[in-house]
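The values are calculated or read from the model by the stated rules, or taken from the named source; none is laboratory data. This structure is a prediction, so every number in the text was calculated from the model and none was measured. Note that each Cβ is placed from the backbone with ideal geometry, even for glycine, and that neighbours are counted across all protein chains shown. Areas reflect the complete protein model, heavy atoms only, side chains present, ligands, DNA and RNA absent. Shrake-Rupley method; radii C 1.70, N 1.55, O 1.52, S 1.80 Å.
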Amino acid sequence: MIELKTPDEIDRMRSAGLITARALDAVRRAARVGVRLDELDAVAAEVIAAAGAEPLFLHYQPGPAPSPYPGVTCLSVNDAVVHGIPNGYALAAGDLVSVDCGARRLGWSGDAAISFTVGEHPDPTVAERDAALIRTTQAALDAGIAAARPGARLGDVAHAIGEVARDAGYGLMADHGGHGIGREMHEAPHVPNEGRPGRGVPLRPGLVLALEPMLIAGGTDAYVVDPDGWTLRTADGSRAAHIEHTVAITEHGPEVLTDQRNVVGGLAGVL
Ligand code: MF3
Ligand code: CO
């Protein structure tokens, strides 16, 4: 069942979203060559705790997962697409990092992800390719957000995301997409990253969706699971980018609840 949120509930989700955005912003600023992934996870944990919120991912265990998720963030480096575990790996020059993070406050959730590179890759063609991949992933998300208007359908959002990715020749992570979000991180509906315009459930004010394109540089969609049981890597070994926002559909159009541009000064109203 798809649950619509009241304006009051969306207010609370705005608060969870802002905390999520703040944690991601802090991780982005802390991420430098030589910094370990577990150190970045601790940065996010601290921001979330200081805001009086709870990490959304820690101990999460969906059906097929082998063990409860051990981190506050997912940190997926280079060929890791999503669900990378924050381990002792130290970032190297030119690494492409995707950071996924979520927070719950007063029972309501926020979920978002960013992708960026650290330092300078020794091979400028790799650096250029990474920049294009990240730019296109952001463009795919932006197109999905723009399509998330009342009166449109879920297929319009899926189509908008997928078209940007495919037109640029990228792969789209198989079997994965966005989702409804509210009290739970994963609620109905599932939001595919590819679809047919005009199809699927109608988008109404109060629907809140996490949109999350996962683009694969090599142009294929296949992935493999790491021995750790969580990390999902591209099957072709090419790099991937993942960018996500929690987006509320309001009668005026889409509202991004996890916008990092709201972080500076914006948190005063939340704490
Ligand atoms: N943002 C992701 C998702 O929507 C990450 C959560 S996976 C977790 O699926 F297990 F680490 F929580
Ligand atoms: Co998500």
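Would you mind listing the strands (runs of 3 or more DSSP E) fully within the stretch 152-271 where at least 3 residues are of a type in the set (Ser, Thr, Tyr) and free of Cβ contacts under 8 Å to residues at least 24 places away in the same chain?
Answer list for the stretch 152-271: none.
Mind telling me which of the residues 44, 65 ends up being in contact (Cβ under 8 Å) with a residue 24 or more places away in the chain, in a helix (DSSP H, G or I), within 16 Å of ligand 2 (Cβ to nearest atom) and not acidic (Asp, Glu)? Let's see the steps before the verdict.
Values: 65 fails: in a helix (DSSP H, G or I).
The unique qualifying residue is 44.
Can you go through 140, 146, 103, 49 and tell me which one is within 30 Å of residue 8 (Cα to Cα), of a type in the set (A, V, I, L, M) and in a strand (DSSP E or B)?
Result: 103 is the single residue among 140, 146, 103, 49 that is within 30 Å of residue 8 (Cα to Cα), of a type in the set (A, V, I, L, M) and in a strand (DSSP E or B).
Being surrounded by fewer than 19 Cβ atoms within 10 Å (Cβ to Cβ), of a type outside the set (S, T, N, Q) and away from ligand 1 (no atom under 14 Å from the Cβ) is the requirement here; does residue 199 meet it?
yes
Which of the residues that make up the stretch 53-73 are crowded, with 17+ Cβ neighbours inside 10 Å and hydroxyl-bearing (Ser, Thr, Tyr)?
Selection gives 69, 73.
Residues of the stretch 95-115 being crowded, with 24+ Cβ neighbours inside 10 Å and more than 16 Å from ligand 1 (Cβ to nearest atom), which ones?
96
Do we find a residue being open to solvent by 30 Å² or more (accessible area, probe 1.4 Å) and more than 30 Å from residue 54 (Cβ to Cβ) anywhere in the stretch 202-215?
Checking the stretch 202-215: at least one residue is open to solvent by 30 Å² or more (accessible area, probe 1.4 Å) and more than 30 Å from residue 54 (Cβ to Cβ).
Would you call residue 29 among the basic types (Lys, Arg) and surrounded by 24 or more Cβ atoms within 10 Å (Cβ to Cβ)?
No, not satisfied.
Consider residue 111 carefully, then state whether it is under 14 Å from the mean Cα position of the chain (by Cα), among the acidic types (Asp, Glu), within 27 Å of residue 175 (Cα to Cα) and modelled with pLDDT of 95 or more.
yes
Evaluate the following for residue 210: is it in contact with an Asp or Glu (Cβ under 7 Å, 6 or more places away or on another chain), at pLDDT 95 or above and within 16 Å of ligand 2 (Cβ to nearest atom)?
For residue 210, the condition - in contact with an Asp or Glu (Cβ under 7 Å, 6 or more places away or on another chain), at pLDDT 95 or above and within 16 Å of ligand 2 (Cβ to nearest atom) - is met.
So in the stretch 151-185, with the set limited to residues that are within 17 Å of residue 253 (Cβ to Cβ) and open to solvent by 50 Å² or more (accessible area, probe 1.4 Å), which one is farthest from the chain's Cα centre (by Cα)?
Per the criteria, the residue is 151.
Can you tell me which residues in the stretch 79-94 are within 16 Å of the chain's Cα centre (by Cα) and either surrounded by fewer than 21 Cβ atoms within 10 Å (Cβ to Cβ) or part of a strand (DSSP E or B) (or both)?
If the condition is that a residue be within 16 Å of the chain's Cα centre (by Cα) and either surrounded by fewer than 21 Cβ atoms within 10 Å (Cβ to Cβ) or part of a strand (DSSP E or B) (or both), then 80, 81, 82 are the ones that fit.
Looking at the stretch 247-261, can you tell me whether even one residue there is more than 19 Å from residue 4 (Cβ to Cβ) and over 19 Å from the mean Cα position of the chain (by Cα)?
Within the stretch 247-261 (the criterion being more than 19 Å from residue 4 (Cβ to Cβ) and over 19 Å from the mean Cα position of the chain (by Cα)), the answer is no, since none of the residues qualifies.
Just checking, does the stretch 116-136 include any residue being within 16 Å of ligand 2 (Cβ to nearest atom) and open to solvent by less than 40 Å² (accessible area, probe 1.4 Å)?
no
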